Amino acid sequence: FMIEFVLVTALPSVLKPRDIEAAALALSKALKIRKPTSVSLSFVTPLRIQALNKQYRKKNKPTDVLSFNADPNMQAPGEFELGDIVICPSYAAKEAKRRALSTREELLRLMIHGVLHLKGYVHATEDEEMVMFRLQEGLLERIMSV
């Protein structure tokens, strides 16, 4: 598969390397990514994600996931980096509990959500949200069944 998640921090215990591989494969196929593409993946505390959210989005509160597109001008020839995804596992765990889901499912959903944002998907309008979330949930279903 062509997407490679580069772990910047340790994987939360509810996720296994095979979850990351399944996500990379499903996303590569669905988004038709055919050249080696890296996505950095960080799992951080609520304080850290709140600081990033404040700095980049002017929202002084924790959130579940943030995506940052890579600067194409900063890449070495032949390398392709999509960007960085930052996820807050404790925020995700609370959300999962509220919705009666597993934390594993919610973390995988956030990984997919982050990659879709890096590929240009947005959910500003109802139509955009429908398109993005339908793709997201279909991918999640595929990965959860692996």
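Take the conditions (1) assigned to a helix (DSSP H, G or I); (2) in contact (Cβ under 8 Å) with a residue 60 or more places away in the chain; (3) of a type in the set (Val, Ile, Thr); Val146 misses just one of them, which is (1). The set of residues in the stretch 65-109 being modelled with pLDDT of 95 or more, out of contact with any Lys or Arg (no Cβ under 9 Å at 6 or more places or on another chain), assigned to a loop (DSSP other than H, G, I, E, B) and surrounded by 11 or more Cβ atoms within 10 Å (Cβ to Cβ) consists of Ser102 alone. Across the stretch 1-43, the qualifying residues are those that are among the charged types (D, E, K, R) and open to solvent by 20 Å² or more (accessible area, probe 1.4 Å), and the one among them that is nearest to Glu105 (Cα to Cα) is Lys16. The set of residues in the stretch 32-64 that are assigned to a loop (DSSP other than H, G, I, E, B) and charged (D, E, K, R) comprises Lys32, Arg34, Lys35, Lys58, Lys59, Lys61, Asp64.
Residues of the stretch 13-30 being in a loop (DSSP other than H, G, I, E, B) and more than 14 Å from the chain's Cα centre (by Cα), which ones? Residues satisfying the conditions are Ser13, Val14, Lys16.
The residues in the stretch 97-138 that are more than 25 Å from Ser38 (Cβ to Cβ) and of a type in the set (Gly, Ala, Ser) can be counted, and the count is 3. Val122 falls short on exactly one of the conditions (1) modelled with pLDDT of 95 or more; (2) farther than 20 Å from Phe80 by Cα, and that condition is (1). Residue count for the stretch 44-62 satisfying the condition of being touching a residue at least 24 places away in the same chain (Cβ under 8 Å) and open to solvent by 20 Å² or more (accessible area, probe 1.4 Å): 5.
The values are calculated or read from the model by the stated rules, or taken from the named source; none is laboratory data. Note that the structure is predicted; figures quoted are calculated from it, not measured. Note that we place each Cβ from the backbone using ideal geometry, even for glycine, and neighbour counts take in every protein chain shown. The protein model used for the area step is the full one, side chains on, heavy atoms only, and it has no ligands, DNA or RNA in it. Shrake-Rupley method; radii C 1.70, N 1.55, O 1.52, S 1.80 Å.
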